[in-house]
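J.: Encoded as structure tokens, here's the structure I'll be asking about.
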Amino acid sequence: MNTPLSEKLVPFGTTIFSEMTRLAQAHGAINLAQGFPDFDGPPEIIEAAIGALRQGENQYARSQGHPQLVRAVADRYRRHYGLRFDALTEVGIYSGCTEGLMSAMLGLLNPGDEVVLFEPYYDSYPVCVAMAGARARFCTLRAPDFAFDPVAFEALITPRTRLVVLNTPHNPTGRVFTADELRAFAEVCVRHDLLVLADEVYEHLTYAPHVHVPVATIPGLAERTLTLSSAGKTFSLTGWKVGWGVGPAPLVAAAQAAHQFVTFATATPLQAGLAAALTALDDGFYERLTAEYTARRDFLVAALQRVGFRVRPPEGTYFILCELGDVWAGDDRSFAHHLVTEIGVAAIPPSVFYGASDEGRRLIRFAFCKRDATLTAAAERLSRLRPAGEASA
Ligand code: PMP
Ligand code: GLN
């Protein structure tokens, strides 16, 4: 028998997140690679899910989303951003943003369509495009500032371009796109009548003075944007895999057309638990979240700078993407391998997040969604890379 794997998936191999977590475990390394907290989510959300399990919320949910959760999500967008969505027709619940991305692209794309992706990208995007039979074109966000370049973006658009995916706050660069950048982005999208998938899973992880500007709040974009987010990052519950999409009813319906056959519905008790908690959590929760993450960010930025990496503090997300500088002469892959095997810290080699350019070869990504003790231990190990004081940047 020839290889059983579909030729659509052959180019993508195993996701870097599984690969690096496996290596971290094999070498007893501190895992600053895959982005998941090593602390638990809010007890009130966990208790609400336990309550839902005990109260018989254990059969299939409504396919497009548990009625309580779609109402809670719609309410949240109104409260946080002044965006109004009809709970029953303009909100969909998915098994994580990852499933939302896949269902949206399967539901919106036709074979032969083109999709613009900004690189570096979250690794599932090009896979979703390929599974939908479409073709990805890559617009490179260039180091060191990773600014949005409307000219480079527009140059990639052809009559076949149907969709563009924009992630803000952006993994892995840590950029939070400004209202000016988004307005320039909107002009191009309107001129070419593009659909937009806005991946905003890090919407609550931004660091002053940067603020998250939801893509759908920019004039010209609301009517063409499906916004995706999830509970994973905001509530430190990455294993729950509960995500959602909000946007115009035809876009939500297209994603739903695929979602009903991909998973049919997302875990009922987790949806009910999240609904109860979304309604109960006050603004103080979100303020504490950013305060805690600001302290973690500042700690790891300083530790990396002491070693000699060229670091710009991220504006959002819980990742630091830094330049290898004088710390390592080789590429990101060889450095990540050295780091996990010899130093005992796992990080992500970002070249896997690029489809067109080789800009990732001299970068490395660290996650700081970790307890103070974990970050302190990681900083101590990283200091072995190079004696403090010899830093060149
Ligand atoms: N988009 C981005 C930019 C991400 O970093 C991630 C990683 N969690 C996801 C989507 C996937 O989110 P989820 O865990 O909800 O599937
Ligand atoms: N989004 C997370 C990251 O960038 C990981 C997601 C995953 O493991 N699939 O690290």
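The values are calculated or read from the model by the stated rules, or taken from the named source; none is laboratory data. All figures in this text were calculated on a predicted structure; none of them were measured in a lab. Note that we place each Cβ from the backbone using ideal geometry, even for glycine, and neighbour counts take in every protein chain shown. Accessible surface areas use protein heavy atoms only, side chains included; no ligands, DNA or RNA. Shrake-Rupley method; radii C 1.70, N 1.55, O 1.52, S 1.80 Å.
J.: Which order do the peptides 11-19, 99-107, 64-72 come out in when sorted by mean C-beta neighbours inside 10 angstrom, highest first?
T.: Going from most to least packed, we get 99-107, 64-72, 11-19.
J.: If contacts are Cα pairs under 8 angstrom and at least 6 residues apart, what is the relative contact order of the chain in percent?
T.: It comes to 25 percent, rounded to a whole number.
J.: For a quick check: with amide H placed at 1.01 Å from N, whose amide H comes under 5 Å from D199's, ignoring anything fewer than 5 positions away on the same chain?
T.: Residues meeting the amide H criterion: L166, N167, T168, L228.
J.: How much of the calculated P(r) for the chain lies past 34 Å, in percent of all Cα pairs?
T.: The answer is 28 percent, as a whole percent.
J.: Counting pairs of alpha carbon atoms under 8 Å apart in space and at least six apart in sequence, what relative contact order in percent does segment 1-152 give?
T.: 16
J.: Also, I was wondering about something else. Quick one: Debye curve from the C-alpha atoms of segment 141-260, no solvent, what's log10 I(q)/I(0) at q = 0.10 Å⁻¹?
T.: Listed by q, the Debye log ratios stand at -0.32.
J.: Show me the ranking of peptides 229-239, 49-59 by mean Cβ neighbours inside 10 Å, starting with the highest.
T.: 229-239, 49-59
J.: A further question follows. What is the magnitude of the charge dipole of the chain about its Cα centre, with +1 placed on the Cβ of each Lys and Arg, -1 on the Cβ of each Asp and Glu, and no other charges, expressed in debye to the nearest 20?
T.: 320
J.: In Å², and per residue, what accessible area does segment 205-263 have when probed at 1.4 Å with the other protein chains present?
T.: Accessible surface, normalised per residue, equals 33 Å².
J.: Can you pull out the trypsin sites (Lys or Arg not before Pro) in segment 148-215 that DSSP calls coil and that have at most 13 other Cβ atoms within 10 Å?
T.: When the trypsin sites (Lys or Arg not before Pro) of segment 148-215 are filtered for loop state and at most 13 Cβ neighbours within 10 Å, R160 remain.
J.: Could you give me D for segment 192-253, from Stokes-Einstein at 37 °C and 0.692 mPa s, where the hydrodynamic radius is the Kirkwood radius over C-alpha pairs? Units µm² s⁻¹, please.
T.: Calculated translational D: 258 µm²/s.
J.: What are the ³J(HN,Hα) couplings of segment 68-82, residue after residue, when phi is run through the Karplus curve with 6.51, -1.76, 1.60 and θ = phi - 60°? Round to Hz, x for glycine and proline.
T.: Values per residue, Gly and Pro as x: 5, 6, 4, 5, 5, 5, 4, 5, 5, 5, 5, 5, 7, 10, x Hz.
J.: Additional query: Please list the radius of gyration and Dmax for segment 14-147, considering alpha-carbon atoms only, with Å as the unit.
T.: Every Cα atom of segment 14-147 included, Rg and Dmax give 19.1, 52 Å.
J.: Carbon and sulfur together cover what percent of the accessible area of the chain at a 1.4 Å probe radius?
T.: 53
J.: Under a Cβ-only charge scheme (Lys and Arg +1, Asp and Glu -1), can you give me the dipole magnitude of segment 191-284 about the Cα centre, in debye to the nearest 20?
T.: 220
J.: Run the paramagnetic zone check for R191: 7 angstrom along Cα to Cβ, then residues of segment 154-169 with backbone nitrogen under 20 Å.
T.: Correct set: 154-166.
J.: Using Cα-Cα distances under 8 Å and only pairs 6 or more residues apart, what relative contact order does segment 247-393 have, in percent?
T.: Relative contact order, segment 247-393: 25 percent.
J.: Just need log10 I(q)/I(0) for segment 14-53 at q = 0.17, 0.20 Å⁻¹, Debye formula, equal scatterers on the alpha-carbon atoms, no solvent, rounded to two decimals.
T.: Result of the Debye calculation: -0.61, -0.67.
J.: Within the P(r) computed for segment 126-173, what percentage of the Cα pairs occupies the region above 15 Å?
T.: Above the 15 Å cut-off, segment 126-173 has 52 percent of its Cα pairs.
J.: If you don't mind, another one. In terms of modelled amide H atoms, which long-range or inter-chain residues lie less than 5 Å from the amide H of V345?
T.: I30, V340
J.: Give me the one-decimal Kirkwood hydrodynamic radius in Å for segment 276-393, with the sum taken over alpha-carbon pairs.
T.: Its Kirkwood hydrodynamic radius stands at 15.3 Å.
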